[in-house]
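The values are calculated or read from the model by the stated rules, or taken from the named source; none is laboratory data. Everything numeric in this text was worked out from a predicted model, so none of it was measured. Positions of Cβ are generated from backbone atoms using ideal geometry, with glycine treated the same way; all protein chains shown enter the neighbour counts. Ligands, DNA and RNA are excluded from the accessible area calculation, which covers all protein heavy atoms including side chains. Shrake-Rupley method; radii C 1.70, N 1.55, O 1.52, S 1.80 Å.
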Amino acid sequence: MAIKSADLRIQLDFGAALACLLALGIFSWHSIVVFNGNNLWVAHTHEVLDDLRDLGFSVKSIESSSGAFVLSGEESELADYRKSRASAERYAESVGYATQDNPVQQRELPTLQALLAQRIEFTDSLINLRQAGGLNAALMEIQTGNGNRISDELYAEVRKMRDVELSLLMQRTANSSRELNETKVILLLGTILGLLITTAAGWSVRRDNSRRALAEESLRAGEEQHRMDLSEVQDYSINSLDPQGRIMTWNAGAERIKGYRAEEIIGQNYSIFFLPEDIASGKPAEILRIAAANGRYQDEGMRVRKDGSRFLACATFTAMHDAAGKLRGFSKITRDLSEAKDSEAKYRGLMEAAPDAMVVVNQAGDIVLLNVQAEKKFGYRRDELLGQKVKNIIPEGFAERLASDGLRSAADALAQQIGTGIELCGRRKDGSAFPLELMLSPLESAEGILVTAAIRDISVRKAAEQHVVQMEGRYRGLLEAAPDAMVVVNQAGDIVLLNVQAEKKFGYRRDELLGQKVKNIIPEGFAERLAADGLRSADVALAQQIGTGIELSGRRKDGSAFPLELMLSPLESAEGILVTAAIRDISVRKAAEAELLQNVQNLNRSNQELEQFANIASHDLQEPLRMVASYTQLLARRYKGKLDADADEFIAYAVDGAGRMQRLIQDLLAYSRVASKAGSLRRISSEDALLQALQNLRGVIEDSGALVIHDPLPSVMADEIQLIQLFQNLIGNAIKYQKPGIPEVQVAASRNGANKWTFSVKDNGLGIEPQYFEKIFGMFQRLHKREEFAGTGIGLAICKKIVERHGGRITVESQIGLGSTFKFALAEGESRL
């Protein structure tokens, strides 16, 4: 009976214990549910705080990116602005959604959204003003202060809403802590009751001891394996800290990123990684305080390695507590952001600097990156293409080349396209199509092999190819009928067409010249005449050569050179103005000219014969020539318009020829007078000689509008008449050989040694190529056709003879398009014959 009573008592006690455990379990479950709910609210508050923080960063980014565009005017800066604006709007929307449960925040939300809209509206108007009115207009708008006022109000509103959330965070954290403490008490009671039940059911505990021992051993092995795995991680710095921030553990990733070995760093405070200013402000301790209060904290900022170098890091701190809730320390995971950011920035910089459109596509055919040239080429904004299918802009061929077929892998399919030029068809946003050429290259990434595609618009090339086919058929007959060598060249200097005479003249087959540079057969001068200099457009540069005979040097296939004369004519085509060059071999003419020049030089060397020629020209040629000139002028005045057109033209030729012959004889007489050393050298005023020369040139100066300025000039030993003629010839040439605009001539003198003066005559005219510096002082030397600039080609030879007669030497310094400076020296001293 006693046994039964004891058994009943044990059963009642066991039942009571079970009832208590059941009640305790229900209450514990309730506490846990409430605690988890509070934790969710705490996490929710952190999300709102993160959104508010990101909203503030996005507004800052809006200000910086729009400011960069205002300062530089570069359209590429607008991409960052649009991205920041989209982020700000997205975070504002997220804040509104996350605070739906909070009436206080909902009342503030319209103000926040209105201020953000005002900030965006102000920035858009500022960008439009910069684009339309320039930098000064935009800066004036910034100085009004409206943008700063809106930003200040927006930041104040963000701080206000953040303060509300922080207050909620403290309240919810306190609730969570209270619930946690209540749960701890309940669990403590449950533990006591469990011990009683364990005592009553000892046999069950003994039975499970072996199983528990095995489980614990397995757990320890798992923890040890986990620690070993963490120690081998290379990409992240993973270590644990004690409650005071001293480093307790260290892994391979920490050593790689921060440079310390485990024995060097364990036991030191983790503040060693912070900047001096952060340590001074107490930031390391503040981070641990926040992590201990909130359970988790993430910080992003600059850190310092062992070698003193700095890097951008993102660190996550997690508080660790023991079973009693006491803080045991922190786990810290650090990621080096500088590597990813540097790599991304460099790659993006290379893409943006590329002259072609660049698109990066994954193997699913989605566009993951592009540059500004791709935006321009296809007419989309960047945000309209990112994440879209590449088939939207390249409908056929490109996406298919990223996939494998049944016989090869995706990598093999792509490898067969790498480095090859693929011609496909692109489609712009407006629906128009254009031909393009793709160059593919692989790009390894975390998500697998990406494909970088360089896209070049080949519309012009395709049109040119078609046009060349049409043109070749149209003009080949005309070219082949020409007696001279004919070559058609584009403005890049490429030969696109030639005739059989060109093959014979240069010794090449036709297929050896087509598509080659014209410099291969005309090394100097021709290709340069197809391009513009800094003052002329390409059309103007070419127009100045059309119809003129240009003397250059040609080179045959065997390397031999020969003189040639070019006659250029324009040829309109789909790819712009082409140039048809008629090429004539002038070897025979050059030989004749060389013989004539030798004869003239022989004549120059004999002053006695030249004086005799001058006397003959003066007495025997001038008199009948004056009669011819006078009567032809009389015929021109009396019978002009009364005879037929041919007669008028013939009489005009006679008048012009007689005038040119008179000028030639006068120049030859002037040259002979210098050569005969007529007159003596005496001390004269070079300034008086210059003024007399300007008086003689008064009509030329007034007609041209030229500006002639001079410094005070010294007295020198000279023949006054010849010095006047020297100044007159040099200033006359400076005014004559001018590019469009007002001629400017400057005459100056500077002392050169004890008894010499160096004179200079400087102009802003056409300029002279270096290879002609000596040639221009010879008899009958001309650099331009008579139809362009009148003259006999003797003027500078006279100048040279005058200066040499005075014991000096005349030189020239010049650059094409920048004018010329003629210099000569005269002595001061005793007079001499």
5 angstrom amide H check on V745, placed H, neighbours 5+ away: L707, V708, I709
Extension reserve of the K739-A68 stretch, reckoned as 0.36 nm per residue once the Cα distance is removed: 237.3 nm
Gained length - L180 relative to N392, 0.36 nm times residue gap less alpha-carbon distance: 70.7 nm
Diffusion coefficient, µm² s⁻¹, Stokes-Einstein with Kirkwood Rh over alpha-carbon pairs of region 26-93 at 4 °C and 1.567 mPa s: 90
Accessible area (Å², 1.4 Å probe, nearest 10) - H321: 80
Efficiency of FRET between N136 and A114 - r from beta-carbon atoms, R0 22 angstrom, step 0.05: 0.10
Inter-label distance for R107 and E263, nm, one decimal - labels placed 7 Å from Cα along Cα-to-Cβ: 6.6
Extension reserve of the A652-E551 stretch, reckoned as 0.36 nm per residue once the Cα distance is removed: 33.5 nm
Other-chain or far-sequence residues with amide H under 5 Å of L370's (modelled H): V360
Summed side-chain charge close to S685 - residues other than S685 whose Cβ falls under 13 Å, Lys, Arg +1, Asp, Glu -1: -2
FRET efficiency, K376 to L312 (Cβ-Cβ, R0 51 Å, nearest 0.05): 0.95
Relative packing of 820-826, 270-276, which averages over residues the other C-beta atoms within 10 Å, highest first: 820-826, 270-276
Simple label model, 7 Å out from Cα along Cβ direction - L514 to A156, nm: 7.8
P(r) histogram, all alpha-carbon pairs of region 711-766 included - 5 Å bins from 0, percent: 4, 17, 24, 23, 16, 10, 5, 1, 0
Using a Förster distance of 51 Å, the FRET efficiency for L40-I449 (Cβ separation, nearest 0.05): 0.80
Paired Rg and Dmax values of region 474-519, which use every Cα atom, in angstrom: 9.9, 26
Inter-site label distance for M302 and L195 at 7 Å from Cα along Cβ, in nm: 5.7
Convex hull of Cα atoms in region 113-193, direction-averaged projection (nm²): 7.7
Listed peptides 428-439, 808-819 by packing density, highest first (mean Cβ within 10 Å): 808-819, 428-439
